[in-house]
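Quick notes on the structure that follows.
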Amino acid sequence: MVSPYSALIFQTMQWALWVVAVLRISCAASVSLPPCPPAIFTGFCHPWELRDGGVACVADTSPGAKITKPSQVQCVPKKNGGDQYKCPSWLPKMCQPVYNGPNIVGLAAATPDLSTLVTALKAGKLTGALSGTGPFTVFAPSNEAFAKLPKSTLEHLLDPKNIKELDAILEYHVIAGAAVYKEDLKVDQNVKTLEGQELEIKKTASGQVIVGNSQVTTADIDASNGVVHIIDTVLMLPAPAKNIVDLAADTPDLSILVTALKAGKLTAALSGTGPFTVFAPSNEAFAKLPKSTLEHLLDPKNIKELDAILEYHVIAGAAIYKDDLKPDQNVKTLEGQELDVKKTASGQVLVGNSQVTTADIKASNGVVHIIDAVLVLPSPAALPVLAAEIMV
C-alpha cells in the first residue's frame with residue numbers, strides 16, 4: 001500500500017523535474033538571445049572566450065545592466081563546454097557576446113603611439129585585411145620601436161615599389177585565427193604568423209613577455225576582431241636559410257669540398273629541393289689525403305670517380321639530425337651503397353671511417369655535419385687509386 005507521504009514525494013519530484021526542464025529549455029535557446037551588456041567584458045569575460053561559441057549567463061540582460069560582482073555573471077568559454085552549457089537556475093538567462101569597441105585598425109588609429117604603424121598598414125594596403133572578422137593577435141611596434149630603425153630602412157619599406165617586402169614584415173607581426181592573451185601563453189612557444197614563418201614567444205616567471213627580439217610593453221588591448229600587444233622593437237624576418245652549397249661556400253673550412261663539388265658538377269643537385277643530409281669533409285680531412293689522390297680526383301677525366309666519392313657523403317630524401325640517430329644504423333647513400341653511422345653513449349657520432357666534429361648545421365634544403373676524414377667507398381676495386389692511397 002502506497003503511503004500518502006510517498007505519493008506526495010513522487011508528485012514533488014515530478015514537479016521539480018518539470019521546472020528543471022523548463023529552465024533548461026529557456027537557457028538553451030540561443031537564437032533570440034539579447035546581447036550581453038558591455039560590462040561583462042570589463043573584468044568578467046574576454047570577448048573571445050564567448051565569441052567562439054561560449055556563453056555568458058547573466059541575471060540581467062538589459063542594456064543598462066549594472067554588473068558589479070562575480071555572482072551576477074558566469075562566463076563559460078567553448079573550450080570549457082560553453083557551446084553546450086546550460087545556465088543554472090540562479091542565473092536564468094544567456095546572452096550573445098558583443099563588443100562595442102573599435103577593430104584593430106581603428107584601435108591603432110586612435111592610439112597616438114601607433115601612428116607610424118598605421119602609416120605602414122596603409123602603405124602596405126593591409127588595413128582592409130586587419131579590419132576583417134578575425135580573430136587576430138597583433139604585436140604592434142610603437143613609434144619608438146620604428147624610430148630604432150635606420151631612417152633609410154623605414155623610407156625603403158614605405159616606398160610603394162617595396163610593398164611586398166613591407167607586407168612580409170607587417171604580416172610577421174600578426175597571428176591569424178586566434179586572439180592570444182597574455183594569460184594564454186606558456187613559458188615558451190613557436191607560433192605561425194600570417195607571413196608564414198614561425199615566431200618564438202616566451203613568458204618569464206615574472207610575467208614579462210618576449211616576442212622574437214622585442215618585449216611587450218602593453219599587453220591585452222581588446223579590439224572587436226582580436227587583441228593587440230604593443231612591443232618595443234620592430235620584428236625583423238629571420239634571414240632565409242642558405243642551401244647546402246651556399247652554406248658550404250660561406251664556411252671557410254669547407255672550401256676544398258666546394259672546389260670538389262664544382263669539379264664534379266654537383267652544385268646544382270645539392271642546391272635542389274632535397275632534403276639532403278651531407279657529411280662534409282673539412283679542409284683538414286682532405287689534407288689527410290695524399291696530394292696525388294686529390295689531384296687525381298679533381299682531374300676532369302676522373303669526374304665519375306669524384307662524383308662517386310662525393311655522393312657517398314650524401315643521404316637523399318631526409319634531413320637527419322644528431323637526435324634522430326640510433327646507436328647503430330646503415331643508411332643508403334646517394335651513391336647507392338650503404339654507410340654505417342653510429343652514435344655512442346656519450347653522443348659522439350661516427351660515420352664510416354670518420355668522426356663528426358660539428359653536427360646539425362641547418363640549411364634550407366637539409367642538414368650538414370662536418371667530418372674529420374674523407375669517407376672511403378666500401379668497394380675499393382672500383383676505385384683502385386683512391387682506395388689504395390686513402391688506406392695507406
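Read-outs: derived from the displayed coordinates by stated rules, not from any lab. Since the model is a prediction, treat every value here as computed from it, not as a measurement. In this analysis, Cβ positions are derived from the backbone assuming ideal geometry, glycine residues included, and neighbour counts consider all displayed protein chains.
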- Item | Fully extended contour minus Cα-Cα distance, from THR204 to GLU183, at 0.36 nm per residue | 6.4 nm
- Under-5 Å amide H pairs with THR358, H placed in peptide plane, nonlocal only: ILE370
- Item | Calculated FRET value between ASN143 and ALA241, using beta carbons and R₀ = 25 Å, to 0.05 | 0.20
- Query: Residue farthest toward the positive end of the dipole of the chain, with Cβ of Lys/Arg at +1 and Asp/Glu at -1: which of ALA219, VAL76, SER255?
  - Reply: VAL76
- Query: To the nearest 20 debye, what is the magnitude of the charge dipole of the stretch 218-311 about its Cα centre, counting +1 on the Cβ of each Lys and Arg and -1 on the Cβ of each Asp and Glu?
  - Reply: 580 debye
- Note to self: C-alpha centroids of the stretch 262-313 and the stretch 38-65 sit apart, in Å, by 67 Å
- Contact order normalised by residue count of the stretch 154-277, Cα under 8 Å, 6+ apart, percent: 15 percent
- Task: Would you mind getting me the FRET efficiency between ASN353 and GLU165? Use the beta-carbon distance for r and R0 = 41 Å, nearest 0.05.
- Result: 0.30
- Task: Quote the charge dipole size of the stretch 104-231 about the Cα centre in Debye, to the nearest 20; the model charges only the Cβ of Lys and Arg (+1) and of Asp and Glu (-1).
- Result: 140 debye
- Task: Would you be so kind as to identify all helices of the chain, as entire DSSP H runs, whose Cα atoms reach 20 Å or more along the helix's own axis and whose mean Kyte-Doolittle hydropathy is at least -1.0?
- Result: 4-28
- Note on the structure: For ASP232, the residues 5 or more places away or on another chain with a placed amide H closer than 5 Å to its own amide H are GLN215, THR217
- Scoring the stretch 183-240 by relative contact order with C-alpha pairs under 8 Å, at least six apart, yields a percentage of 21 percent
- Among LYS265/LYS322; LYS262/LYS332; LYS262/LYS301; LYS288/LYS343; LYS148/LYS203; LYS322/LYS342, the pairs whose Cα-Cα distance exceeds 20 Å are LYS265/LYS322; LYS262/LYS332; LYS288/LYS343; LYS148/LYS203
- Note on the structure: FRET efficiency (LYS362, GLN84; Cβ distance; R0 45 Å; to 0.05) is 0.50
- Note down the net charge around ALA285, summing +1 for each Lys or Arg and -1 for each Asp or Glu among other residues with Cβ under 13 Å from its Cβ. -2
- Query: So what is the relative contact order for the stretch 257-330, in percent, with contacts set as C-alpha pairs under 8 Å and at least six apart?
  - Reply: 45 percent
- Note on the structure: Per-residue ellipticity at 222 nm attributable to helices in the chain (runs of n ≥ 4 DSSP H, -39500 (n - 2.57) apiece, nearest 500 deg cm²/dmol) works out to -8000 deg cm²/dmol
- Query: Projected area of the chain, taken from the Cα convex hull and averaged over every viewing direction, in nm²?
  - Reply: 33.7 nm²
